[in-house]
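Asks: Provided herewith is a single structure, encoded as C-alpha cells, for subsequent inquiry.
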Amino acid sequence: ILATQNNQPDAIVNLQAAAENTEATAYSAQAYLKWGALLATSDPNAALEKYAKAMEFADNSEIKASIALKQGEAYFLLKQYAQADATFKGVVDAYPGLAVVTDAIANWYTSLLAQKKYDAVVEHFNKQLQGAVDKLEYFQVYLSAARAMSFSGNIDGASALLEKITAIAGISDANKAAVSLQKAR
C-alpha cells in the first residue's frame, strides 16, 4: 500500500521488518523481492542484492522464476546484456509451464534488440514459438520478432508477421496502434 502511494521509504522499512522477521521466513522471499523491485530503477545493484536474498528463501518454482525475471531486468538496466540474456533464457528453460515465461521471452528479445542481435531474435522466435502467432499474451514477443526482421532487412517477413499479429483475437486498440507504428517504420 505504501509503495503504491509513492511512500517508498516507509514501504522499505516495512519490507525490511518482514524480511528480517526470523519467525516468519515464509514471507522473506516475497519481502526481499518487493524490496528489490522498489530499488530496481534507482539502484539496480542494490536490487540485485535483495533478489539474491529473496532467492535464498524461495521455496517454490513460481517465486524462483519471478525472482530470476527481476534479476534479469536489473542486469538489463545495468547494461550487462550477456548476464541479462543468460538470466532470461534460464527462466525460459527452467520454468516452461509458468506464465512468467512470457515476460522472460519478451525481455530476452528486448535485450537482444538492444544489442542489435536481430538474427538471434528471429532464430529464437522460430525455435521457441515455431513462428506461431496465436496467443495474445505473446504480443510483445511477436512485435519484437517483427522489429528484428525489419532491422535485419527481412521486410516481407516483418510485414507478414505484423499482419498475423493484427489478426489475433482480442487485440487492444493500443496494441493495434503499436502494430501500425511498426508497419509505418
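The values are calculated or read from the model by the stated rules, or taken from the named source; none is laboratory data. Here the structure is a predicted model, which is why all the values come from computation and not from measurement. Cβ coordinates were reconstructed from backbone atoms using ideal geometry, including for glycine residues, and neighbour counts include every protein chain displayed. Just so you know, the surface numbers come from the protein's heavy atoms only, side chains and all, with ligands and any DNA or RNA stripped out. Shrake-Rupley method; radii C 1.70, N 1.55, O 1.52, S 1.80 Å.
Asks: My understanding is that a pair violates if its Cα-Cα distance is over 30 Å; which of Lys50/Lys183; Lys89/Lys176; Lys34/Lys79; Lys117/Lys183; Lys34/Lys176; Lys127/Lys176 do that in this structure?
Replies: Working: Lys50/Lys183 41 Å; Lys89/Lys176 28 Å; Lys34/Lys79 22 Å; Lys117/Lys183 20 Å; Lys34/Lys176 32 Å; Lys127/Lys176 25 Å.
From the list (Lys50/Lys183; Lys89/Lys176; Lys34/Lys79; Lys117/Lys183; Lys34/Lys176; Lys127/Lys176), the Cα-Cα distance tops 30 Å for Lys50/Lys183; Lys34/Lys176.
Asks: Placing +1 on the Cβ of each Lys and Arg and -1 on the Cβ of each Asp and Glu in the chain, which of Val121, Ile155, Gly72 has its Cα farthest towards the positive end of the resulting dipole?
Replies: Ile155
Asks: Roughly speaking, to the nearest percent, how much of the chain's 1.4 Å accessible area is carbon and sulfur?
Replies: On the way: 5040 of 10010 Å².
Percent of accessible area from carbon and sulfur atoms in the chain: 50.
Asks: Looking only at Cα atoms, what is the convex hull volume of the chain per residue, in Å³? All intermediate terms of the calculation are to be shown ahead of the outcome.
Replies: Details: hull volume 24.3 nm³, N = 185.
Hull volume normalised by residue count: 131 Å³.
Asks: May I pose another question? State the extension gain, in nm to one decimal, for the chain segment bounded by Glu123 and Asn6, taking 0.36 nm per residue of separation less the distance between their alpha-carbons. Spell out each step's value before the answer.
Replies: Numbers: separation 117, 0.36 × 117 = 42.12 nm, distance 4.11 nm.
Computed gain between Glu123 and Asn6 is 38.0 nm.
Asks: Kirkwood-based Rg over Rh for region 40-97 (C-alpha set), two decimals?
Replies: 0.97
Asks: Taking the alpha-carbon centroid of each part, what is the distance from region 136-177 to region 13-43 in angstrom?
Replies: 37
Asks: Another question, if that's okay. Less than 11 Å Cβ to Cβ from Ala31, Lys/Arg counted +1 and Asp/Glu -1: what total charge do the surrounding residues give? Present the calculation step by step, with values, prior to reporting the outcome.
Replies: Working: positive: Lys34, Lys50, Lys53; negative: Glu20.
Charge balance near Ala31 sits at +2.
Asks: Would you mind counting up the charge near Val121? Only other residues with Cβ under 13 Å from its Cβ, with Lys and Arg at +1 and Asp and Glu at -1. Could the numbers behind the result be given before it?
Replies: Details: positive: Lys89, Lys116, Lys117, Lys127, Arg147; negative: Asp85, Asp119, Glu123.
Summing Lys and Arg as +1 and Asp and Glu as -1 gives +2.
Asks: State whether region 1-68 is rounded, prolate or oblate according to the following rule on the C-alpha gyration tensor (a ≥ b ≥ c being the square roots of its eigenvalues): a/c under 1.5 gives rounded; otherwise a/b larger than b/c gives prolate, and the remaining case gives oblate.
Replies: Working: a/c = 1.86, a/b = 1.25, b/c = 1.48.
The shape class here is oblate.
Asks: Shifting gears a bit: Summing +1 for each Lys or Arg and -1 for each Asp or Glu, what net charge is found among the other residues whose Cβ lies under 13 Å from the Cβ of Gln182? Intermediate values should be presented prior to the final figure.
Replies: Values: positive: Arg147, Lys164, Lys176, Lys183, Arg185; negative: Glu163.
Charge balance in the 13 Å sphere: +4.
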